[in-house]
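Here's the structure we're looking at; comments come further down.
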Amino acid sequence: MNTTPTQTPVAAVIVLAAGGGTRMKSKRSKLLHAVAGRPMLSYAVDAARALEPRRLVVVVGHLREQVEAHLAEYCPEALTVEQPVRNGTGGAVAVGMEKLADVQGEVVVTYGDVPMLNGETLKALVAAHRADQNSCTVLTAMIPDPTGYGRIVREAGQVARIVEHKDATEAERAINEINSGIYVFDAQLLRAGLPTLQPNNVQGELYVTDMIGYTRGQGRRVGAFVTDDLWQTEGVNDRVQLARMNAEVNRRLVEHWMREGVTVLDPQTTWIEADVDLASDVTILPNTQLLGASSIATGAVIGPDTTLRDVEVGENAHVVRCHGELAVIGPNAEVGPFARLRPGTVLGERGRIGTFVETKNAEIGAGSRIPHFGYVGDAYLGEGAYVGAGTTFANFDGQHRLPTHLGNHAFVGANSVLVAPIDIGDGAYVAAGSTITSDVPAGALAVARGHEHISDDWVQRKRPGSSAAAAADDAVGEVHPKVAEARARVRNQTIGQPEAINQQEAQQ
C-alpha cells in the first residue's frame with residue numbers, strides 16, 4: 001500500500017507544559033485557563049493527536065497535580081513526566097526524551113500554551129520536514145512587531161540559528177521572522193544533541209533553540225516551515241493575552257457559524273464556545289452567549305441578552321433574555337423574557353416559560369404554560385397544564401426536596417402555593433390564592449383560602465378627604481362592563497368552555 005509522507009504517524013510528540021505561569025497570578029495552572037470554554041492544554045493535546053503519534057508525552061511541573069488530573073480525564077493515553085528543575089526548554093525536552101529512550105523516527109516538540117495551533121498546521125510542518133529531508137524543521141511566522149520572540153537567523157536562505165530576544169544584537173532584533181518554539185527533530189539527533197546544550201545566555205537556561213547550531217554542526221539540514229497564520233504561534237502568558245486570544249478564537253467561531261448558515265445580528269457582542277453546535281437558519285440576537293455543549297436546532301431564535309450553558313434548544317423555539325443551564329427547550333417552545341432555567345428543566349413542545357419564572361428539575365409537558373412570575377421546582381407537569389402568575393411550588397421542607405405532580409390540562413390559579421409532596425390530577429383546578437397541602441383528584445376544584453370580609457364605607461370613615469374617598473363618593477355602584485361580561489360568561493358556560501377561558505387567560 002502506497003502512503004504519502006503525511007499519512008505515516010510520527011514516532012512521538014512532546015508537549016512542554018511545565019512553566020510556572022507566574023504572570024497569570026492564579027492558583028490555577030495557566031494551562032487550565034479557558035479559551036472558548038476549553039482549557040488551553042486541551043487544544044495542544046488535540047493538535048498532537050492529529051499526528052497520530054505512537055507516543056504522546058507531556059512534561060509537567062508547576063501545579064502538576066492539576067495538569068495531570070486534566071490529562072487523566074481528557075487524554076488518558078498521554079504519558080507525563082515532571083521537570084524537577086526549571087532550567088529552560090532544553091531541559092524540558094531532555095526530561096521528555098527520558099520517556100522515549102527507545103524511540104526512532106520523528107519527534108515533534110510543541111507547547112501547552114499555544115491554543116490556536118492546530119493539527120493541520122502540524123501535519124504540514126511534518127510534511128515539509130519529510131519532503132526537504134531535514135533533520136530539524138522549525139515552525140516560523142513573519143510578524144510586524146517581533147519584540148519578545150526568538151529570531152530566525154538565516155545564511156544563504158537556510159536556517160543558521162535562533163537567537164532569543166534578550167540575547168539578540170540590534171541587527172538580529174530587526175529580523176521579523178520569529179521562532180514559534182515548535183519543531184520536528186530526528187529522534188537520534190535530538191537524543192545526541194541535548195546533553196551538549198550549555199546555559200550560555202542571559203537567562204542561564206538550556207535552550208532547545210541551540211539544537212539548531214548542533215544540527216548544523218553535524219552537517220545535517222535545518223529547515224523552516226512558515227505559517228501565514230501568526231496566531232498559531234501566539235502563546236498566552238498573562239490575562240491580557242488570554243483575553244486577546246479568546247476574542248480572536250471567538251471571532252473565528254462566529255464567522256464559521258455564519259458561513260454555515262447561522263444569522264448573527266451583532267458578532268461583536270456574541271460569544272460562542274468551541275463545543276457549541278448550531279444548525280442552519282438559527283438566529284442569534286445581540287449580547288448572547290452560547291456556552292459549553294449547547295445545541296441549537298434550525299429555526300430557533302436566541303436572544304437578545306441571553307446566556308445558555310449546556311442547553312438543548314429545539315426547532316423554531318424562541319428564547320429571549322434568559323439564563324439557562326443544563327436544560328432542554330422543546331420545539332416551538334417560548335422562554336422569557338427574564339426567565340431562569342436551572343439544571344434539570346425540560347420544557348416540552350409548544351411549552352411556555354415566561355417573564356420572571358424560575359424552574360429547577362422540572363419536567364414540563366407539551367403545551368404547558370408558566371407564563372409569568374413563579375417558581376417551579378422538582379415538578380412534573382403533564383400536557384396542557386397552566387400555572388397562574390405568582391404561583392410557588394414549595395418543594396423544600398427544610399431537609400428534603402420533594403416533588404409535585406400536575407396532571408394533564410390541570411389549572412392552577414394565580415398566587416397559589418403548592419406544598420410538596422402532592423399530586424394534582426388530570427383536569428383538576430386550584431382556585432387562585434390557595435395554599436394546597438393535599439392531593440387534588442382528577443377533575444376536582446381545590447379552594448384553600450380564608451373567607452373574604454368586606455367593611456362597607458371604610459375609606460370614607462378612615463380616609464376622609466382623600467382622593468380615594470372622593471372617588472368612592474362619586475361611584476355609581478355599577479360593576480365594570482368587562483367584569484360583568486366575564487361573570488355572565490362563567491354563569492352560562494357549558495362543557496368545553498373552561499378550556500377556552502383558560503386559553504384566553506394565558507394570552508393576557
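The values are calculated or read from the model by the stated rules, or taken from the named source; none is laboratory data. Model, not experiment: these values are computed from the prediction. Heads up, the Cβs are rebuilt from the backbone with ideal geometry, glycines too, and the neighbour counts pull from every protein chain shown.
Residues of the stretch 191-204 that are surrounded by 15 or more Cβ atoms within 10 Å (Cβ to Cβ), under 20 Å from residue 99 (Cβ atoms) and free of Cβ contacts under 8 Å to residues at least 40 places away in the same chain: 193 alone. Of the listed requirements (1) closer than 30 Å to residue 156 by Cα; (2) out of contact with any strand residue (DSSP E or B) (no Cβ under 6 Å at 6 or more places or on another chain), residue 226 misses just one: (2).
Considered as a group, the residues in the stretch 175-190 that are without any contact (Cβ under 8 Å) to a residue 60 or more places away in the chain and not hydrophobic (A, V, I, L, M, F, W, C) include one that is surrounded by the most Cβ atoms within 10 Å (Cβ to Cβ), and that residue is 179. Scanning the stretch 310-363 for residues that are without any contact (Cβ under 8 Å) to a residue 40 or more places away in the chain and among the polar types (S, T, N, Q) gives 316, 332, 345, 355, 359. Could you say which residue among 289, 268 is more than 21 Å from residue 395 (Cα to Cα) and either in a helix (DSSP H, G or I) or not assigned by TED's automatic domain parsing to the domain that holds residue 405 (or both)? Residue meeting the stated conditions: 268. Which one is farthest from residue 428 (Cα to Cα), of the residues in the stretch 438-470 that are charged (D, E, K, R) and either within 55 Å of the chain's Cα centre (by Cα) or assigned by TED's automatic domain parsing to the domain that holds residue 393 (or both)? Ranking the candidates gives 452 first.
If you go through the stretch 224-243 one residue at a time, do you hit one that is in the same structural domain as residue 29 (by TED's automatic domain parsing), touching a Cys at 6+ places or on another chain (Cβ under 9 Å), surrounded by 14 or more Cβ atoms within 10 Å (Cβ to Cβ) and under 29 Å from residue 95 (Cβ atoms)? Within the stretch 224-243, none of the residues are in the same structural domain as residue 29 (by TED's automatic domain parsing), touching a Cys at 6+ places or on another chain (Cβ under 9 Å), surrounded by 14 or more Cβ atoms within 10 Å (Cβ to Cβ) and under 29 Å from residue 95 (Cβ atoms). Residues of the stretch 292-313 that are in a loop (DSSP other than H, G, I, E, B) and of a type outside the set (A, V, I, L, M): 292, 294, 298, 299, 303, 304, 305, 310. Residues in the stretch 205-214: is at least one surrounded by 21 or more Cβ atoms within 10 Å (Cβ to Cβ), over 20 Å from residue 127 (Cβ atoms), touching a helix residue (DSSP H, G or I) at 6+ places or on another chain (Cβ under 7 Å) and among the β-branched types (Val, Ile, Thr)? Yes, there is a match, as at least one residue in the stretch 205-214 is surrounded by 21 or more Cβ atoms within 10 Å (Cβ to Cβ), over 20 Å from residue 127 (Cβ atoms), touching a helix residue (DSSP H, G or I) at 6+ places or on another chain (Cβ under 7 Å) and among the β-branched types (Val, Ile, Thr). Considering only residues in the stretch 430-447 that are not polar (S, T, N, Q) and not in a loop (DSSP other than H, G, I, E, B), the one that is surrounded by the fewest Cβ atoms within 10 Å (Cβ to Cβ) turns out to be 445.
The sole residue among 54, 86 that is surrounded by fewer than 24 Cβ atoms within 10 Å (Cβ to Cβ), touching a strand residue (DSSP E or B) at 6+ places or on another chain (Cβ under 9 Å) and either touching a residue at least 24 places away in the same chain (Cβ under 8 Å) or within 19 Å of residue 10 (Cβ to Cβ) (or both) is 54.
All of (1) under 30 Å from residue 274 (Cα atoms); (2) at pLDDT below 95 hold for residue 157 with one exception: (1). How about the stretch 295-349: which of its residues are of a type in the set (Ser, Thr, Tyr) and under 19 Å from residue 279 (Cα atoms)? Result: 295, 298, 306, 307. Could you please let me know if residue 278 is of a type outside the set (Asp, Glu) and on the phi > 0 side of the Ramachandran plot? It is false that residue 278 is of a type outside the set (Asp, Glu) and on the phi > 0 side of the Ramachandran plot. For residue 134, the criteria (1) touching a strand residue (DSSP E or B) at 6+ places or on another chain (Cβ under 8 Å); (2) of a type in the set (S, T, N, Q); (3) outside any loop (DSSP other than H, G, I, E, B) hold in every case but one, which is (3).
Test residue 477 against the criterion of being assigned to a loop (DSSP other than H, G, I, E, B) and modelled with pLDDT of 75 or more, and give yes or no. So residue 477 fails the test. Note on the stretch 370-394: residues that are surrounded by fewer than 24 Cβ atoms within 10 Å (Cβ to Cβ), within 30 Å of the chain's Cα centre (by Cα) and farther than 17 Å from residue 434 by Cβ total 5. The sole residue among 427, 465, 450 that is surrounded by 10 or more Cβ atoms within 10 Å (Cβ to Cβ) and not in a strand (DSSP E or B) is 427.
Residues that are of a type in the set (Val, Ile, Thr) and touching a helix residue (DSSP H, G or I) at 6+ places or on another chain (Cβ under 6 Å) within the stretch 244-293 comprise 254, 264, 270, 272, listed in sequence order.
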